[in-house]
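Got a structure here, written out as structure tokens. Questions coming.
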Amino acid sequence: MGGADLVLRGAVRTGDPHLPLARAVAVRDGLVVALDTDALELADGATEIVDAGAVLPGFGDGHVHPLWGGVELAGPAVRDLTSVEAVAAEVRRYAAEHPEEEWVLGGPYDPALAPRGLFDAAWLDAAVPDRPVVLQASDHHCAWVNSEALRRAGIDAATPDPPTGSVARREDGSPLGTLVEWTAMDLVLRHAPSPTDGEKVDAVDRASALLADAGVTWAQEAALAPADVAAYLTAARGGRLHVRVNIALRAEPGEWPAQRAEFVAARRQAETSPEPGVADRVSVRTVKLFADGIVEAGTAALLAPYDDLPPDHPQTCGLPVWEPAELAAAAAAFDADGFQLHVHAIGDAGVRAALDAFAHVAEVNGPRDRRPVVAHTQLVDPADLPRFAELGVVANFEPLWSQLDTAQTELTLPRIGALRGDRQYPMGSLLATGAVLSTGSDWPVSSHRPLECLPVAVTGHWVPDERVPAAAVLAACTAGTAYQAFEEGVRGTLVPGKRADLVALGADPLAIDPGSWPDLEVLGTWLAGRRTAGSATGRPGTG
Ligand SMILES: [Zn+2]
């Protein structure tokens, strides 16, 4: 056996049941070449040695929006602000510092800062009266706009609500300043300037560096237009993409038949990229469909009415994005084109529509290894729990959401009540059925840091049976996301021959209280044995 490029020493949590814990891992030519005693022997003469508290397979993020999030990072810093006044003040500061920007675009603001998530344009007018302002809520299903933005978009009392969205209104029918769901947000955003190609590449660079800093080595880009694939390819060619990415292209009701050829062409763009290091870093393997919206906005599709809507309300059970038959037909078409399906499903009717679509796909297109993904998996009817394993569906969770935060107590539980409330985020129940779990952040919706998100699955869920063991949630984040990506043969666990996609931590997460995971230091992140983040100083293995 030859030498090693890199040897990491510490508690190596391999994720491999045959050797779950080793004392070292050795890397050569981008691959894991040895573990434990064999790896320790290679330290002598290795190019670099790093001592760490623990070494794990690099984290995966099964649902994240690096491009949008990276763009948003460039705007006003309203994330984490805790009052309407503070958000308005930050918008005022940003606008004053950027007089050249004709529109002030940014986010994410906390939608729980106003009752029922309804924000008034006048609150922003006081900060910026003369230029349009559009802020996206942290759920990215609502936007808060000022009066100038409404004026530019021509939205007034006579403007009808768009399909599958709504314009929040005052009693006289005039627009309040909050737009609910994408079709309503687009009424304004289609008048706003899009980021330039250069700004998009900058966004990918900035966001993927943030993910690498948090120990992430693979990300599922959860919704992109085909035209934006180029930003990832350009970043990868320029050495500015710091994680591996699989891109999901977003399909729309009505438009999907025409989107099929575009999606196939976008996939080919990535697959045929001639530069070394691009094809193994960027793939376009997946199609994203939104089954429904979100509970907070009353747009998640429910099997039974919302508790707080009158029975004659037109959206008493929420707002499915697709007719179930069209969703199933589109899913079958994209499956026939060879794409994996990734369906946003929040309400119990949304989840059921997704599962029904997957069942339809298998029926009409025949057996194949498909690994369709339900993203978010928020409210699941008990009858649907066994269907995940039966249909081979990956259940993707954002563990940070599975706690009684203000989004739950102020916006969600009042709308669905306690019985349905306790059926949310059934991680423990699905694990017990044998379903494959993957974790994600949905950043910039919520924190991108796995070490902040994952412990909530272990200790945070208010229904104790839905909590999962620490080792299981780490597996969902590493092996689970690799399975989601069809890449369990090359990464996700640390065994000789697999890619050296690694994260080194200050301490062993399985030897400490999960409550302290958010404080664990990420000493370094490596992609194919090359460092993408971290300050850990290695030293040469000779002498
Ligand atoms: Zn998302």
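Working out 0.36 nm times the residue gap between Ala511 and Ala86, then minus their Cα-Cα distance, what length gain in nm do you get to one decimal? Please report the intermediate quantities before stating the final value.
Values: separation 425, 0.36 × 425 = 153.00 nm, distance 4.05 nm.
Stretched fully, the Ala511-Ala86 segment lengthens by 149.0 nm.
If packing is taken as the average number of other Cβ atoms within 10 Å across a peptide's residues, how do 187-194, 328-335 rank, most packed first?
328-335, 187-194
Taking only C-alpha pairs under 8 Å that are 6+ residues apart, what is the relative contact order of the range 121-270 in percent?
Details: 198 pairs, mean separation 23.8, N = 150.
Value for the range 121-270: 16 percent.
If you average the sequence gap of Cα pairs under 8 Å that are 6 or more apart and divide by the length of the range 179-246, what percent do you get for the contact order?
Answer for the range 179-246 is 41 percent.
Here is a further query. Taking the Cα atoms of the chain, report the difference between the largest and smallest coordinate on each principal axis, in whole Å and largest first.
79, 54, 46
Is the range 489-543 best put as rounded, prolate or oblate by its Cα gyration tensor, with a ≥ b ≥ c the root eigenvalues, rounded for a/c under 1.5, and otherwise prolate when a/b is larger than b/c, oblate when not?
It comes out oblate by the Cα gyration axes.
Give me the distance between the Cα centres of the range 204-221 and the range 94-171, rounded to whole Å.
The range 204-221 and the range 94-171 have Cα centres spaced 29 Å from each other.
Which of the peptides 221-233, 29-41 is most tightly packed, and how do the rest follow, going by the mean number of other Cβ atoms within 10 Å of each residue?
Working: 221-233: 21.8, 29-41: 18.0.
Highest-to-lowest ranking by the protection proxy: 221-233, 29-41.
Non-local amide H neighbours of Ser438 (under 5 Å, H modeled in plane, Pro and chain starts lacking H): which ones?
Result for Ser438 returns Ala395, Asn396, Phe397.
Next question. Amide H of Glu521: which non-local residues (sequence gap of 5 or more, or other chain) have their own amide H closer than 5 Å, using H built in the peptide plane?
For Glu521, the qualifying residues are Gly506, Ala507.
A further question follows. Rounded to the nearest 500 deg cm²/dmol, what is the calculated helix-only ellipticity per residue at 222 nm for the chain, with -39500 (n - 2.57) per DSSP H run of length n ≥ 4?
It lands at -8500 deg cm²/dmol.
Can you give the Rg to Rh ratio for the range 1-117, taking only C-alpha atoms and Rh from Kirkwood?
Rg/Rh: 1.30.
Fewest Cβ neighbours within 10 Å first, please rank Phe486, Phe358, Phe263 accordingly.
Exposure proxy ranking, most exposed first: Phe486, Phe263, Phe358.
Every number here is computed from the coordinates shown, using simple stated rules; none is lab data. Values in this document were obtained by computation on a predicted structure and should not be read as measured data. Here Cβ is always computed from backbone atoms with ideal geometry, including for glycine, and neighbour counts include all displayed protein chains.
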